[in-house]
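Everything below concerns the one structure shown next.
No value in this document is a laboratory result; all are computed from the given coordinates. Everything quoted here is computed from the prediction, not taken from an experiment. Don't worry about glycine lacking a Cβ; one is built from the backbone with ideal geometry, like all the others, and counts go over all protein chains shown.
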Amino acid sequence: MTIHKTPIAILISGRGSNMRSLIAACAAPDFPARVALVLSNKDDAAGLDYARECGITADAIPHKAFGKDREAHERAVDARLREAGVEFICLAGYMRLLTPFLTDAWAERMINIHPSLLPLFPGTHTHERVLEAGVRIHGCTVHHVTAGMDEGPIIAQAAVPVFPDADTPDDLAARVLVQEHLLYPAALRKVLEKTENNTNKAASLLVC
């Protein structure tokens, strides 16, 4: 049976650690996605070079060129995504707070991975905040992207223990990152296979 591979874009701002795990997953014949584009808001993002080495189209649309007009930047991003034939977006360390323009345009077709067990610890510096709070369980979350920061519906989560007397933020970040690399591809597969099944059901109803 031929697997439909949805063309996705991965948006990054840095080295693209989670991007690498998604690229590896998409290389499998039975994975329901292919990476059509890697896009960054920084032209010196290290992940762009890695994507190009993998034979993937990788571009940058630097946000600084647009000043404080975030929507204008997003309109340029949106145009590039559509030009590349992208149907689904994965944010992977994309350090931009999105406006409703982009979140509405890609509603239910854009997901993100966040380094905490949402709804706990949205935003940045999650590992430091977890240690400061004395929390004993930490982790990561894949969620749909909405206009509210880190507020979209949760798709999947993975947990790790916290060792408050021994952990540094870097220790904790490294432990969570291992789970991120496993969780993100699994969550993407879950979303795309659910979408494909719903599409097939709708087509069957139309045929009947």
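Shape analysis of region 56-208 places it in the oblate category; the axes a ≥ b ≥ c from the Cα gyration tensor give an a/c of at least 1.5, with a/b not above b/c.
Using alpha-carbon pairs under 8 Å, 6+ residues apart, how would you state the relative contact order of the chain in percent? Provide the component values of the computation, followed by the final result.
Working: 367 pairs, mean separation 39.0, N = 208.
Reported as a whole number, the value is 19 percent.
Expected output is a single nm value to one decimal: the length gained when fully extending between residue 43 and residue 65, i.e. 0.36 nm times separation in residues minus the C-alpha distance. What is it? Please list the in-between numbers first.
Numbers: separation 22, 0.36 × 22 = 7.92 nm, distance 1.13 nm.
Stretched fully, the residue 43-residue 65 segment lengthens by 6.8 nm.
Let me have the 222 nm mean residue ellipticity of the chain computed from DSSP H runs of 4+ only, each contributing -39500 (n - 2.57), with the sum over all residues rounded to the nearest 500. Don't skip to the end; give the middle numbers.
Values: 6 runs with 85 residues, N = 208.
That calculation yields -13000 deg cm²/dmol at 222 nm.
Applying the Karplus relation 6.51 cos²θ - 1.76 cosθ + 1.60 with θ = phi - 60° to region 151-161 yields 3J(HN,Hα) values of 10, x, x, 7, 9, 7, 9, 9, 10, 9, x Hz, where x marks Gly and Pro. Per-residue 3J(HN,Hα) values for region 134-148, derived from phi via the Karplus relation 6.51 cos²θ - 1.76 cosθ + 1.60 with θ = phi - 60°, read x, 5, 9, 10, 10, x, 9, 9, 9, 9, 5, 9, 10, 5, x Hz in sequence order (x marks Gly and Pro).
Between residue 109 and residue 151, the modelled labels are 2.3 nm apart [label points 7 Å from Cα along Cα→Cβ].
Protection proxy ranking, highest mean first, for peptides 161-174, 45-58: 45-58, 161-174, where packing is the per-residue count of other beta-carbon atoms within 10 Å, averaged.
A dipole drawn for region 89-151 from +1 and -1 charges on Cβ atoms has a positive end, and of 139, 107, 117 the residue lying farthest that way is 139.
Karplus-based coupling profile of region 164-181, in residue order and whole Hz: x, 8, 10, 6, 9, x, 5, 4, 5, 4, 5, 5, 5, 4, 4, 6, 4, 5, with θ = phi - 60° in 6.51 cos²θ - 1.76 cosθ + 1.60 and x standing for Gly or Pro. Gap in Å between the Cα centre of region 140-177 and the Cα centre of region 71-121? A separation of 18 Å, based on Cα centres.
Please say if region 1-122 is rounded, prolate or oblate, where rounded means a/c under 1.5 for a ≥ b ≥ c the square roots of the C-alpha gyration tensor eigenvalues, and otherwise the choice is prolate for a/b larger than b/c and oblate otherwise? Don't skip to the answer; put the middle values down first.
Details: a/c = 1.43, a/b = 1.32, b/c = 1.09.
Rounded.
Overall shape: prolate for region 1-54, with the ratio a/c of the largest to smallest alpha carbon gyration tensor axis at 1.5 or above and a/b above b/c. With the convex hull of its Cα atoms as the shape, region 45-95 has an orientation-averaged projected area of 4.0 nm².
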